[in-house]
1. Tell me, which residue of the range 145-160 that is within 16 Å of VAL28 (Cα to Cα) and either touching a helix residue (DSSP H, G or I) at 6+ places or on another chain (Cβ under 8 Å) or acidic (Asp, Glu) (or both) is surrounded by the fewest Cβ atoms within 10 Å (Cβ to Cβ)?
2. Taking only the range 91-136 into account, find how many residues are among the hydrophobic types (A, V, I, L, M, F, W, C) and closer than 14 Å to PHE69 by Cα.
3. Kindly indicate whether ASN115 is more than 20 Å from ASN33 (Cβ to Cβ), crowded, with 20+ Cβ neighbours inside 10 Å and out of contact with any helix residue (DSSP H, G or I) (no Cβ under 7 Å at 6 or more places or on another chain).
4. Could you please let me know if TYR84 is farther than 23 Å from TYR162 by Cβ, buried (at least 19 other Cβ atoms within 10 Å of the Cβ) and either small (Gly, Ala, Ser) or at pLDDT 95 or above (or both)?
5. Does the range 79-121 hold any residues that are assigned to a loop (DSSP other than H, G, I, E, B) and over 14 Å from THR60 (Cα atoms), and which are they?
6. Among the candidates VAL28, VAL37, single out the residue that is modelled with pLDDT of 95 or more and closer than 18 Å to GLU165 by Cβ.
7. Take the conditions touching a residue at least 60 places away in the same chain (Cβ under 8 Å), part of a strand (DSSP E or B) and farther than 20 Å from TYR27 by Cα and apply them to ASP72. Does it pass?
8. Of everything in the range 122-131, what is hydrophobic (A, V, I, L, M, F, W, C) and in a strand (DSSP E or B)? Give them in sequence order.
Amino acid sequence: MKILQGLLLAGLATHAAASYAVSFSGYVNDAANPALVHSDHGAALFGDDFEIANNVALHTFSVAAPGSFKFDSNGFDAGGIDPYFTLFSGTGASATFLASNYDQAFSTGGDFLINLALAAGDYTIALGTFANMSFAENNPDADPALGDGFTFLGGPGFLGNYYYELSVDLGEPPPPPVPEPGSLMLLLTGLAMVGVRRRRV
């Protein structure tokens, strides 16, 4: 019984201490980076720094339950791009504009920390250089979407060492799956047998 209690307490402690975060990073000049597209949603281009400055990294993630989520950029402090961040609800070309770091990008620039309230669902992050904004953000009344592309306003002077990094803190981890009654009984029986065996030895 003490073994079972110890396992349960260890599991609860691990669950309470864990944080659930996803991180996205890479280089906008890396032809091997599968997240990159060009501003017109064609293949990423690497001919010169102007082309590279208008590459955009697209990353997706899912939210299991509604809440407030933290978006923390760290690439600029590591010598990377001066980032322009856009968040879309959904995935693929039809994903719709939700938020960006517009105010921060046009005032202080550099890395940012943004808290956003999100519903459960799938999301797409677009990370490019200042000020390569999405047309979806620029034309809110024209049924805009991610597939409309970006403005081609990224500049070589904002590339740094081409690196980007963003972490998304999704708060508490999703709860562990509850075992089916049959599986739980098997687990308890096995633990009881281990306890009996230890007593005999």
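The values are calculated or read from the model by the stated rules, or taken from the named source; none is laboratory data. Please read these numbers as outputs of a predicted model, since none were measured by experiment. In this analysis, Cβ positions are derived from the backbone assuming ideal geometry, glycine residues included, and neighbour counts consider all displayed protein chains.
1. Residue satisfying both the conditions and the ranking: PRO156.
2. So in the range 91-136, the residues among the hydrophobic types (A, V, I, L, M, F, W, C) come out as 93, 95, 97-99, 105-106, 112-114, 116-120, 125-127, 130-131, 133, 135-136.
Next, only the ones that are closer than 14 Å to PHE69 by Cα stay: 98-99, 112-114, 116-120, 125.
Residues that pass the stated criteria total 11.
3. Values: more than 20 Å from ASN33 (Cβ to Cβ): yes; crowded, with 20+ Cβ neighbours inside 10 Å: no; out of contact with any helix residue (DSSP H, G or I) (no Cβ under 7 Å at 6 or more places or on another chain): yes.
Here the answer is no, as ASN115 does not meet what is asked.
4. no
5. Selection gives GLY79, GLY80, ILE81, ASP82, ASN101, THR108, GLY109, GLY110, ASP111, PHE112, ALA119.
6. On the way: VAL37 fails: closer than 18 Å to GLU165 by Cβ.
That would be VAL28, the only listed residue that is modelled with pLDDT of 95 or more and closer than 18 Å to GLU165 by Cβ.
7. Numbers: touching a residue at least 60 places away in the same chain (Cβ under 8 Å): yes; part of a strand (DSSP E or B): yes; farther than 20 Å from TYR27 by Cα: no.
For ASP72, the condition - touching a residue at least 60 places away in the same chain (Cβ under 8 Å), part of a strand (DSSP E or B) and farther than 20 Å from TYR27 by Cα - is not met.
8. ILE125, ALA126, LEU127
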